[in-house]
Amino acid sequence: MSNTATTPATNSATAKQGRTVRFRILRCDGPGKPSYWSEFDVQPELNANVISCLKQIAEKPVMVDGKEVTPVVWDSGCLEEVCGACTMVINGKVRQSCTCLIDDYAPRDGDTITLEPMSKFPVVRDLWVDRERLFHNLKRVKAWVPIDNTYSLGPGPKESPESQQTHYKLSECMSCGCCLEACPQFTIEEDESKWNNAFIGAHAISQARLFNNHETGKQLKGERLDELAGPGGVADCGNAQNCVKVCPKEIPLTESIGAMGRATTIHKIASFFSGKK
Amino acid sequence: MEQKRVIVVGGGLAGLAAAIRIAEQDIPVDLFSMVPVKRSHSVCAQGGINAANDIAKQQGYSEYQHFDETIYGGDYLADQAPVLEMANFGPKIIDLLDRMGVPFNRTSEGYRQLRLFGGSLFKRTHFSGASTGQQLLYALDEQTRRYESEGKVTKYEFWEFLAPIIKDGKAVGIVAQDMRTMQTRSFKGDAVVMATGGCGLVFGKSTNSVICTGAAAARCYRHGVWYGNPEMIQVHPTAIPGADKCRLMSESARGEGGRVWVPKKAGDTRPGREIPEGERWYFLEERYPDYGNLVPRDIASREIFDVCVNDKMGVFGENQVYLDLTHKDREYLDNRLGAILEIYQKFVGEDPRENPMRIFPAVHYSMGGIWTTYTKGNYDPSQPHGMHNPGETPPIGTEMGLGMQLGAPNNMMTNIEGLYAFGEVNFAYHGATRLGANALLSCIFDGLYNGLSVANYVKNNGGIDAEQSLYDDAVKHEEDYSKSLIDTGSADATPETNPYTIANELGVEMTEASTVVKTGERLEKAEEKLAGLRDRFSRVRLGDAASWTNQSLSFTRATGDMLILAEAIIKGGIVRKESRGSHYRLDYPDRDDDNFMKTTVAKFEGNATRIDLHEIDTRLVKPRPRTYGKTDSKASEKKQETAAAS
């Protein structure tokens, strides 16, 4: 059975087995508490990733100076890069820690890997952040199809394979928050009452596009565009284009922002002439 | 009187489908999850969801055939009536998901695309790329968010279920803990739905997410809830072994034409793609000419295990075989399997479109789970039906209520009144092996079909008649336990009492003793090991005394619960002296219907597990030998047929 890993990974040819890798981790004991760095040495297992190293640290949380400390806290789930939970900043770049292979990041003895929590969300403890705002923003754009009910009413609308492929790509967004971490316009906001007026972020704009393109989802198109035309909407995007570079699912976020920007403009003009606004 | 409310624990497909269906009946729902529900383990399901469909039906398939396949696949261990209802209801679920906006793959004309899956000769699996579970979960997550914004559903995310609150055999609420603030409190509920998934972490490394400890089920079990067929654990044949977990390589890879093979020469050092066709051993295709690479999972796992462990024919002399898709067109693969091929590429660093993948079996799914009951439907044949062949007219139609009575309050209710179990956490649909792409179906079916049962139960129930002290005492009990664990936090941990070490040893022991091949002797040895681990756990040391976001507490508490569940899994395996589906006893290699076509029901009494055998519902289909046409088993097939006929 599979309790021992046998499959060599990417850099295992060059990565030295039995080496020591140093983890520099930015820790915080809780909201309002100061952040501080802790360093741990780990001898990675075969095919190790950041998660398996954090597990090793949890089992024996002894720092490089020999001092025993509390285990590092972090968020994780599927470990297959489909749930989005284990997102953190690794060597200065935001990404999922499960797909971060140690052989790639630290192939030599004595290499260092730096782990920090995402900076755009409040820290709960250590590497765990509270991303509730990200889900809140999905409510702002009503990111759902308004079906009547769950009774049996026959199939949904037909769709071309081309449209399905576009739809599927947008629907792969796992709400990890990489695009928000990388965005200069999206800043940390701990005050919930201000969320509705702060920049909504690339992920929610892209979801608005997804549901505006759906035959039934279209029914709420006007309400979505009203939200995107308002404060913290699509006009707040500074066009830095960082979002699309860090998206682990390669979702065409800037394309979505462009499409929603145009749709919002048309929507505003149409609303003006129809006397709605 | 207070407004009636329902508590749903778990926000995967089963929990969300239940929450939506119950909220739609104008009953407010409190939804609890250890993670934001969009990150539930259902996201990991890859291949698809089964249901009879128009194309397959015109080729001789039917809902009834789907039912028959599922019963046969499960080796006749499932109660039959609920499975019939699920198969009949399947097409309605696909239509509903379609209306919710799931991006199912499409044909050029715009209809839903289909693929082959294990245990069937018909294309009856609907899919959305190779991340179908993710797409289905997102659709339900979106509908739940909609109801949340309308005030019909209240989410408690990052809350951990600690215990059911039971008054006179009736569920009246739960105790839960906020994983961030560590606040423990009680919640009242007129009914409680457990939808907390499987228990892969009992086996250490599995294909499951880190939250799939089975602890929630174990906490119900400790409070007197029965647990059915604990020994029935599915080992998926194709996974990528890793340092932190085993990553699933979906059965859809085989459904789309993937071939399993090893070099004919043991220890051949050439890369897979350089080995000529004539020097490859396609052992599944050779042994199972009808189903080939699409035999059910238990059979594929045993054959791979046999080839690697017994014959020592594994690739490069290690425990791994090839899963080969390199003969397929790149664009076709990207369109249909992109997500899983990316997983392989990201974690192994090789392009599976160019090189055959190297895979090995891993623990994947729990067919067993919380015991549930139901009210049987209208279909009650005078004698069980024989084998159903493609093209034959099914003995019954597909209207609702033939298998289970629609809306009966006890559908999927546990032995505790008002306490339900939906989805992977129950034992109801998959018998001794689950067919690929039937899990998503059973989870959503439970939520939708039996969500109505919950609503009816609550509407007809007189409301909660429990004093506040019952709730306060339950909270106090959990707080005391948490405190007793946290108080060990500052003490020096040794491997002997380190919770992570105990959990690791549990995983290794369970994987060795109770997965692909079992023996009575090995299981009994595991029982002793478990007793030792329980003893060590009684002296466990936490390593973290923090009163804020203490993950060590959560993990340690779950480890104690996993030890309880592990005992039930081992004891069930010892009692079941036969081989059936995923449960293969080397010392009892044959199926024994006379003695063991029964549910092993684990009951926790006096701080120990007792296993009873309960009769099952076999009114609808007559058992037949489950061989999938294996070539070298024709003789034993004959033998079993004679036995079954007599």
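Each residue of the range B:278-292 in turn: what ³J(HN,Hα) in whole Hz from Karplus with 6.51, -1.76, 1.60 and θ = phi - 60°, glycine and Pro shown as x?
x, 9, 10, 10, 8, 5, 6, 5, 5, 7, 10, x, 6, 8, x
Please give the calculated 222 nm ellipticity per residue for chain B, where each DSSP H segment of at least 4 residues contributes -39500 (n - 2.57) and the sum is spread over every residue; nearest 500 deg cm²/dmol?
Helix-only estimate at 222 nm: -10500 deg cm²/dmol.
Mind ranking A:214, A:136 by accessible surface for me, highest first, 1.4 Å probe?
A:136, A:214
Kindly identify the range B:469-595 as rounded, prolate or oblate by the Cα gyration tensor criterion: order the square roots of the eigenvalues as a ≥ b ≥ c, call it rounded if a/c is under 1.5, otherwise compare a/b with b/c, prolate if a/b is larger, else oblate.
prolate
Take every DSSP beta bridge with both residues inside the range A:21-128 and express the antiparallel ones as a percent of the total, to the nearest 5.
Percent antiparallel among DSSP bridges in the range A:21-128 is about 80.
Calculate the mean, over all residues of peptide B:505-513, of how many other protein chain Cβ atoms lie within 10 angstrom of the residue's Cβ.
1
So what does residue A:153 come to for accessible area, using a 1.4 Å probe and Å² rounded to 10?
About 100 Å², ignoring ligands and nucleic acids.
Going by the alpha-carbon gyration tensor, a ≥ b ≥ c the square roots of its eigenvalues, is the range A:21-128 rounded (a/c under 1.5) or, if a/c is not under 1.5, prolate (a/b greater than b/c) versus oblate?
Oblate.
Exposed loop GluC sites (Glu not before Pro) only (DSSP loop, at most 15 other Cβ atoms within 10 Å): please give the longest stretch of chain A free of them, not including the sites.
The reported range is A:1-189.
Calculate how many DSSP beta bridges within the protein assembly as shown are antiparallel, expressed in % of all such bridges and rounded to the nearest 5.
If I count the DSSP bridges inside the protein assembly as shown, around 75 percent turn out antiparallel.
Tell me the net charge near residue B:300. Cut-off is 9 Å between Cβ atoms, residue B:300 excluded, with +1 for each Lys or Arg and -1 for each Asp or Glu.
0
Taking amide hydrogens as modeled 1.01 Å from N in the peptide plane, which residues meet the under 5 Å criterion relative to residue B:404, leaving out close sequence neighbours?
B:85, B:377
Amide H to amide H, which residues 5 or more places from residue B:32 or on other chains are under 5 Å from it, using H placed in the peptide plane?
Hits under the 5 Å cutoff: B:8, B:9, B:10, B:156.
Report D for chain A in µm² per second (integer): Stokes-Einstein, Kirkwood Rh on Cα pairs, 20 °C, 1.002 mPa s.
102 µm²/s
Could you go through the range A:253-262 in sequence order and give the Karplus-derived ³J(HN,Hα) for each residue, using 6.51 cos²θ - 1.76 cosθ + 1.60 with θ = phi - 60°, rounded to whole Hz, and x for Gly and Pro?
So the Karplus estimates, Gly and Pro as x, are 5, 5, 4, 5, 5, x, 4, 6, x, 5 Hz.
Determine the alpha carbon to alpha carbon distance for each of A:120/A:268; B:376/B:622; B:312/B:630; B:123/B:598; B:38/B:328; B:123/B:571 and list only those over 27 Å.
Violating the 27 Å Cα-Cα cut-off are A:120/A:268; B:123/B:598; B:38/B:328; B:123/B:571.
Spelling out what I want: for every residue of the range A:56-69, take phi, set θ = phi - 60°, compute 6.51 cos²θ - 1.76 cosθ + 1.60 (Karplus), and round to whole Hz; glycine and proline get x.
Running phi through 6.51 cos²θ - 1.76 cosθ + 1.60 with θ = phi - 60° gives 4, 5, 4, 5, 9, x, 10, 6, 4, 7, x, 7, 7, 10 Hz.
Starting with the highest mean, order B:511-518, B:97-104 by the number of other Cβ atoms within 10 Å, averaged over the residues of each peptide.
Packing proxy ranking, top to bottom: B:97-104, B:511-518.
With the Cα gyration tensor of the protein assembly as shown in hand, give its eigenvalues times 5 under a square root as the equivalent ellipsoid semi-axes, listed largest first in whole angstrom.
Value: 38, 33, 31 Å, ordered largest first.
Tell me the accessible surface of residue B:471 in square angstrom (1.4 angstrom probe, heavy atoms of protein chains only), to the nearest ten.
Accessible surface of residue B:471 is approximately 0 Å².
Under the definition of partner shielding as Cβ atoms of other protein chains within 10 Å of a residue Cβ, what is the mean value for peptide B:360-370?
1
Can you list residues from other chains, or at least 5 along the same chain, whose modelled amide H is less than 5 Å from the amide H of residue B:366?
B:199, B:234
For chain B, what is the percent of antiparallel DSSP beta bridges, rounded to the nearest 5?
Counting only bridges with both partners in chain B, antiparallel ones make up about 70 percent.
Give the distance, in whole Å, between the Cα centre of the range B:373-410 and the Cα centre of the range B:565-607.
Each part's Cα centre sits 27 Å from the other's.
What do you reckon, how do A:163, A:152, B:128 stack up by accessible area (1.4 Å probe), largest on top?
A:152, A:163, B:128
Using a/c under 1.5 as the rounded threshold, could you call the range B:239-362 rounded, prolate or oblate? The axes a ≥ b ≥ c are square roots of the C-alpha gyration tensor eigenvalues, and prolate needs a/b larger than b/c, oblate otherwise.
In terms of gyration-tensor shape, rounded.
Using per-residue counts of other Cβ atoms within 10 Å, averaged over each peptide, order B:420-433, B:187-200 from highest down.
Packing order, densest peptide first, comes out as B:420-433, B:187-200.
Return the whole-Å distance between the Cα centroid of the range B:103-154 and the Cα centroid of the range B:291-321.
About 31 Å separates the Cα centre of the range B:103-154 from the one of the range B:291-321.
Given the peptides B:531-538, B:388-395, arrange them by the average over their residues of other C-beta atoms within 10 Å, most packed first.
B:531-538, B:388-395
Run lengths n ≥ 4 of DSSP H only: what is the helix-derived mean residue ellipticity at 222 nm for chain A, with -39500 (n - 2.57) per run over all residues, to the nearest 500?
-8500 deg cm²/dmol
I'd like the mean, over residues of A:160-169, of how many other protein chain beta carbons sit within 10 Å of each residue's own Cβ.
What the average comes to for A:160-169 is 6.
The values are calculated or read from the model by the stated rules, or taken from the named source; none is laboratory data. Since this is a predicted model, take the numbers as computed values, not measurements. Neighbour counts are summed over all protein chains in view; Cβ atoms, including those assigned to glycine, are modelled from backbone coordinates with ideal geometry. Protein only, heavy atoms only, side chains kept; ligands, DNA and RNA dropped before computing areas. Shrake-Rupley method; radii C 1.70, N 1.55, O 1.52, S 1.80 Å.
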